[in-house]
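The values are calculated or read from the model by the stated rules, or taken from the named source; none is laboratory data. Just so it is clear, the structure is predicted and the values come from calculations on it, not from any experiment. A quick note on method: Cβ atoms are made from the backbone with ideal geometry, for glycine too, and the neighbour counts reach across all protein chains shown. Note: accessible area is taken over every heavy atom of the protein model, side chains too, but ligands, DNA and RNA are not part of it. Shrake-Rupley method; radii C 1.70, N 1.55, O 1.52, S 1.80 Å.
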Amino acid sequence: MASGIGDTFFKETKYSRENVSAMRSATTERPPLYKEYPDKTRLALPKASAETLSLDQAFRNRKSIRRYAPTPLTLGQLSYLLWATAGVQRTMGDFNFRPAPSAGALYPIETYVVVNNVEGLPKGLYHFAVRPHALEELKSGDFTRDVVRATMGQRMHADAAVVFIWTAIFQRSKFRYHDRAYRYIYLDAGHIAQNLALAAVGLGLGSCQVGAYFDDEINGLLGVDGTEESVIYMSVVGVPG
Ligand SMILES: Cc1cc2nc3c(=O)[nH]c(=O)nc-3n(C[C@H](O)[C@H](O)[C@H](O)COP(=O)(O)O)c2cc1C
């Protein structure tokens, strides 16, 4: 019996031959493609290159890892994971494409990392700046306890070396796809998280994807409003324990 908000959303965001032109017409101004924090300290990341397992081996080995050793990630490993999920993979003219596909190449997802244990990187909350392939330091300190609380007590967030937090800037996709954008945004996030999972396995690391969190507690940590920009997915990464 279809009756809830999810059923209504799904029904009202279907394309049909009658509505498709209206549903695909851009009506509002396109927001900027890149979010950057010009007033924050920017830390350059090493060039993303790595020896990894074969894709076949990565498919065979991937599983959710929830126990982590207190072994740090290298900055090179973190750089590779950020590149594989959200970095610049190829450029056409002045447009940058990324390793994960994105509906309409609109790239609505932003990446934040809570760094717990990475060689040469102080603990803190960082935003990934895509174009310069750099981290912007938003807050320094240990935020792992806040993340454990905001994820309903999931301890792995304190033990893992890094917590990836993905937000969506909804308007980047909505200006073209209207409410159907929400379908695509979540699909985009799934591609990104799967790239992380496979890249992590490829590097001999583990990851676990996370959908159980108090949204506005995570949004508060990031300093985003939860409406224009909101957390939509998370993952932890580290050396399996
Ligand atoms: C959208 C999504 C949300 C998830 N949320 C959590 C979570 O909050 N905590 C957790 O421990 N695992 C979470 N998982 C991991 C699943 O429990 C896991 O993928 C599933 O049990 C299959 O096991 P496997 O990944 O080891 O193959 C999530 C996975 C997905 C795809």
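Using just its DSSP H runs of length 4 or more, each adding -39500 (n - 2.57), the chain gives a mean residue ellipticity at 222 nm of -9000 deg cm²/dmol after division by all residues.
Other residues lying with their Cβ under 11 Å from the Cβ of SER173 contribute a combined charge of +4, Lys and Arg counting +1, Asp and Glu -1. Computed from the C-beta positions of TYR34 and SER54 and an R0 of 25 Å, the FRET efficiency is 0.15 to the nearest 0.05. Dipole magnitude for the chain: computed about the Cα centre from +1 point charges on Lys and Arg Cβ and -1 point charges on Asp and Glu Cβ, it is near 620 debye. Converting phi to 3J(HN,Hα) with the Karplus coefficients 6.51, -1.76 and 1.60 and the offset θ = phi - 60°, the stretch 99-104 yields x, 9, x, 8, 4, x Hz in sequence order, with x at every glycine or proline. Rg/Rh, computed from the Cα trace of the stretch 68-238 with Rh as the Kirkwood radius, has the value 0.95. Kirkwood radius and radius of gyration were both taken over the C-alpha atoms of the stretch 1-44, and their ratio Rg/Rh is 1.29.
Per-peptide packing, taken as the mean over residues of other Cβ atoms within 10 Å, places 7-14, 68-75, 83-90, 111-118 in the sequence 111-118, 83-90, 68-75, 7-14 from highest down. Solvent-accessible area of the chain (1.4 angstrom probe, protein heavy atoms only): carbon and sulfur portion equals 52 percent.
Remark: the stretch 191-196, residue by residue, has Karplus-estimated 3J(HN,Hα) of 4, 5, 5, 5, 4, 4 Hz, where x stands for each Gly or Pro and the curve is 6.51 cos²θ - 1.76 cosθ + 1.60 at θ = phi - 60°.
Accessible area per residue for the chain is 50 Å², calculated with a 1.4 Å probe on protein heavy atoms, without ligands, DNA or RNA.
Label sites at GLN89 and ASP215, each approximated as a point 7 angstrom past Cα along Cα to Cβ, lie 2.8 nm apart.
Classify the stretch 28-110 as rounded, prolate or oblate from the Cα gyration tensor: take a ≥ b ≥ c as the square roots of its eigenvalues, call it rounded if a/c is under 1.5, otherwise prolate when a/b beats b/c and oblate if not. Verdict is prolate for the stretch 28-110.
Can you work out the FRET efficiency for the pair LYS14 and LEU187, with r the C-beta to C-beta distance and R0 = 25 Å, to the nearest 0.05?
So, using R0 = 25 Å, E works out to roughly 0.95.
The distance separating the Cα centre of the stretch 37-71 from that of the stretch 180-233 comes to 15 Å.
Full extension of the chain between LEU43 and ALA69 gives 6.8 nm of extra length, using 0.36 nm per residue less the Cα-Cα distance.
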